[in-house]
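This report refers to the structure that appears directly beneath it.
Taken together, the values in this text are just the output of simple stated rules run on the coordinates, not laboratory data. Since we're looking at a predicted model, the values are computed, not measured. Cβ sites come from the backbone with ideal geometry, for glycine too, and all protein chains shown count toward neighbours.
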Amino acid sequence: MGTQSSMSASIELPLRALSGLILAAVAILVTLAGGPVFACFVVLGAVAALREWHRLVNGGQFANETFASALAVAISVAIFVVARQTQAALLALGLGFCVAFLWAARRKQSPFWHAVGPVYVGLAALALVLLRASAGGSLLVLGIFVAVWTADTGALFGGRLIGGPKLVPRLSPNKTWAGLLTGTFAAGVAEAAFLAALGRSAVAGLVLGIFIALVGHGGDLFESWVKRRFQAKDSGGLIPGHGGVLDRIDSLLFVAPACAVLVAMSGLSPL
């Protein structure tokens with residue numbers, strides 16, 4: 001058993017790194033492309049995440065609520081891309097919430113949690129498209145990716161190398177305070193370097209990176225809590241070494257709306 005465990009661990013890390021690099025390369029390319037290409041990529045990822053969300057809530061079985069949620073998110077993003085109508089796009093997500101709730105209520109199968117799907121995933125999808133369409137949008141989105149990816153990587157290695165007290169053992173037995181701190185610090189440094197390379201304020205980058213990392217850790221813990229509630233280890237197995245799509249983007253699902261609020265509503269932007 002010990003040999004098998006060490007072998008699986010030795011395979012898992014390189015596999016995780018390889019799949020992560022491939023996904024990162026694709027994300028960077030579509031972000032630079034922008035427009036409908038970026039929007040379609042975001043919708044595709046959202047649909048995959050929604051499939052896993054409703055499957056998780058439905059006890060590991062495919063749920064028909066996925067169709068309502070996926071349609072609501074696709075319509076929401078399309079409304080914004082075509083007409084730049086943020087309120088109408090949000091209304092589409094609200095309708096998705098209602099339809100998913102009623103659909104699940106007929107089956108008496110966790111209607112609230114099914115209804116959360118199009119809002120939880122849809123708000124992040126809409127936020128990413130909104131950010132990409134804003135001034136300097138490609139750099140904004142890439143900056144978010146830099147901080148989120150660095151925070152996740154820093155937390156992974158910090159937790160494994162340092163160990164120590166667990167962060168919230170009842171929610172996630174593998175997360176540690178050391179991972180939280182190293183991931184947050186790494187995100188701040190990476191974002192500072194990213195903005196400095198663009199001729200912007202490194203201090204602003206440091207603050208932004210720390211903010212993104214902390215919000216992202218919250219998203220990670222939220223998904224861990226949901227998985228624990230529905231007694232699941234992973235949201236899926238689509239991505240080698242990472243689990244499901246939700247497992248890969250859980251931080252981003254919190255970070256994207258938070259950054260969209262800062263940029264679109266408060267007018268704050270490091271760029």
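Side notes on the structure shown:
- Under a 5 Å amide H cut-off, with hydrogens placed 1.01 Å from N, Phe230 pairs with nothing among residues at least 5 apart or on other chains.
- Taking only alpha carbon atoms, the range 136-271 gives an Rg to Rh ratio of 0.99, where Rh is the Kirkwood radius.
- Estimated 222 nm signal from helices in the chain, with DSSP H stretches of n ≥ 4 weighted -39500 (n - 2.57), rounded to 500: -27000 deg cm²/dmol
- Local electrostatic count at Cys259 - Lys and Arg +1, Asp and Glu -1, tallied over other residues with Cβ under 14 Å: 0
- Dipole orientation for the range 3-157: of the candidates Leu156, Leu15, Phe97, Phe97 has the Cα lying most toward the positive pole (charges on Cβ; Lys, Arg +1; Asp, Glu -1).
- If the segment from Arg107 to Ser138 were pulled out straight at 0.36 nm per residue, it would be longer than the present Cα-Cα gap by 6.9 nm.
- Convex hull volume per residue for the range 34-133, taking Cα atoms only, in Å³: 68
- Other residues with beta-carbon under 14 Å from the beta-carbon of Ala70 carry, at +1 per Lys or Arg and -1 per Asp or Glu, a net charge of 0.
- Under Karplus coefficients 6.51, -1.76 and 1.60, residue-wise ³J(HN,Hα) of the range 102-115 in Hz, glycine/proline x: 5, 4, 6, 5, 5, 8, 6, 10, 6, x, 5, 5, 5, 5
- Residues of the chain were split at every exposed loop site, defined as trypsin sites (Lys or Arg not before Pro) in a DSSP loop with at most 10 other C-beta atoms within 10 angstrom, and the longest piece left, sites excluded, is 1-107.
- Dipole magnitude for the range 136-271: about 380 debye, using +1 per Lys or Arg Cβ and -1 per Asp or Glu Cβ, origin at the Cα centre.
- Leading residue at positive end of dipole, the chain (Cβ point charges), from Val30, Leu142, Gln85: Gln85
- Highest-fluctuation residue, Val57, Val207, Val129 considered, GNM on the chain with Cα pairs under 10 Å: Val207
- Choice from Ile212, Ile162, Ile28 with maximal GNM fluctuation in the chain (Cα, 10 Å cutoff): Ile162
- Overall, the chain carries a charge dipole of about 520 debye about its Cα centre when +1 sits on the Cβ of Lys and Arg and -1 on the Cβ of Asp and Glu, all other atoms neutral.
- Max mean-square fluctuation residue, GNM over the chain, Cα-Cα springs under 10 Å, options Leu32, Leu18, Leu156: Leu18
- Loop-resident chymotrypsin sites (Phe, Trp or Tyr not before Pro) (DSSP state other than H, G, I, E or B) in the range 44-98 with no more than 15 further Cβ atoms inside 10 Å of their Cβ: Phe62.
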